[in-house]
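Peer 1: Below are the structure tokens for one structure; questions will follow.
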Amino acid sequence: MYLLPLTAQVLIDQEATIETKNLYQNLFKLQDKKALLFGHQDALAYGVTWKDVPNRSDVKDVVGDYPAVFGWDIGGIEHQRSHNIDQVSFDKMKAFIVDRFEAGSINTISWHMDNPQSLGNSWDTTTAVASIIPGGKNHQLYVQWLDRAADFLKELKTKEGVYAPILFRPFHEHNGGWFWWGNPHCSPDDYIKLWKFTVDYLKNKKNIHHLIYVYNTNNFQSEEEFIHRYPRQ
């Protein structure tokens, strides 16, 4: 396996697992090769006309192999639900993630978190971000939600105790306006504070070291737009 020099490692988590570092480095290798990895959301959980069929995938049905990247979402974990917003069982999701890690695939996780102010869904754009950063009235509720997400993330490991590395995309598509954390609904400063607190809490308080944190805009037209709310450390 090709690995970049240690000097090229810029992971925010200096205690990242070796598997996480290897994935991070190999993504750069693929970038250098201008390689494209095909992904599919919930690929093992359901498809066209089917659900909960072991080892089935629409992609595999069509091309004879599984996708390289598997997307998952943990929306609903904040309420300790048994299934996510796509009605995928969290227990099955854990098994899918570990299975795909052992097969050499990449797993990504997003979180369509409910609005912590209104308790509406992610698309309820009631102002909320300022209320969950440190000092906000809903901060402890957000911490509780992070604890529940952390419990899930800590179970993503093989029988030998090896954690599956995850590309984790909190507060994704943030320069759009459709989510409560979107650009029109909170200041850049508050968004950055929320991002930094989230990473620090999972990394340093919950001791989770198998995440690659992915800063994820929607479409953008310039470098300035892309980095407008980038959480520099």
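Peer 1: Say a paramagnetic label sat at a point 7 Å from the Cα of Asp151, along Cα to Cβ; which residues of region 177-212 have their backbone N under 17 Å from it?
Peer 2: In region 177-212, the label zone of Asp151 (backbone N under 17 Å from the point 7 Å along Cα→Cβ) covers 202, 206-208.
Peer 1: How much mean residue ellipticity at 222 nm does the chain get from its helices, if each DSSP H run of length 4 or more adds -39500 (n - 2.57) and you divide by all residues, to the nearest 500 deg cm²/dmol?
Peer 2: Calculated at 222 nm, the ellipticity per residue is -9000 deg cm²/dmol.
Peer 1: By its C-alpha gyration tensor, with a ≥ b ≥ c as the square roots of the eigenvalues, how is region 18-95 shaped: rounded for a/c under 1.5, else prolate for a/b larger than b/c, else oblate?
Peer 2: It is oblate, given that a/c is not under 1.5 and a/b is not larger than b/c.
Peer 1: How many percent of DSSP beta bridges within the chain run antiparallel, rounded to 5?
Peer 2: Bridges in the chain are about 20 percent antiparallel.
Peer 1: Please work out the FRET efficiency for the pair Ile227 and Thr158, using the Cβ-Cβ distance as r and a Förster radius of 45 Å; give the result to the nearest 0.05.
Peer 2: That pair, Ile227 with Thr158, gives E of 0.80.
Peer 1: Report, in cubic angstrom per residue, the convex hull volume of the C-alpha atoms of the chain.
Peer 2: Per residue, the Cα convex hull of the chain comes to 146 Å³.
Peer 1: Still on this model: With labels modelled as points extended 7 Å from the Cα through the Cβ direction, what inter-label distance (nm, one decimal) is found for Trp123 paired with Ala35?
Peer 2: 3.6 nm
Peer 1: With the calculation restricted to Cα positions, what are the radius of gyration and Dmax of region 1-132 in angstrom?
Peer 2: When restricted to Cα atoms, region 1-132 yields Rg and Dmax of 17.6, 48 Å.
Peer 1: Convert each backbone phi in region 51-68 into a coupling constant with the Karplus relation 6.51 cos²θ - 1.76 cosθ + 1.60 (shift: θ = phi - 60°), then list the ³J(HN,Hα) values in order as whole Hz, x for Gly and Pro.
Peer 2: 7, 6, 9, x, 6, 8, 8, 4, 4, 5, 4, 8, 10, x, 8, 7, x, 7
Peer 1: Further, regarding this structure: In 10 Å bins starting at 0, how do the alpha-carbon pair distances of region 161-233 split up by percent?
Peer 2: 19, 48, 26, 7, 0
Peer 1: Sort all Cα-Cα distances of region 74-159 into consecutive 10 angstrom bins from zero, then give the percent of pairs in each bin up to the one containing the longest distance.
Peer 2: Reading upward from the zero bin: 17, 44, 27, 12, 1.
Peer 1: May I have the extent of the alpha carbons of region 98-233 along their three principal axes, as whole Å values ordered from largest to smallest?
Peer 2: 45, 36, 28
Each value in this text was obtained by applying a stated rule to the coordinates, not by laboratory testing. On a predicted model such as this, the values are computed, not experimentally measured, just so you know. All Cβ positions, glycine included, derive from the backbone under ideal geometry; neighbour counts span all protein chains shown.
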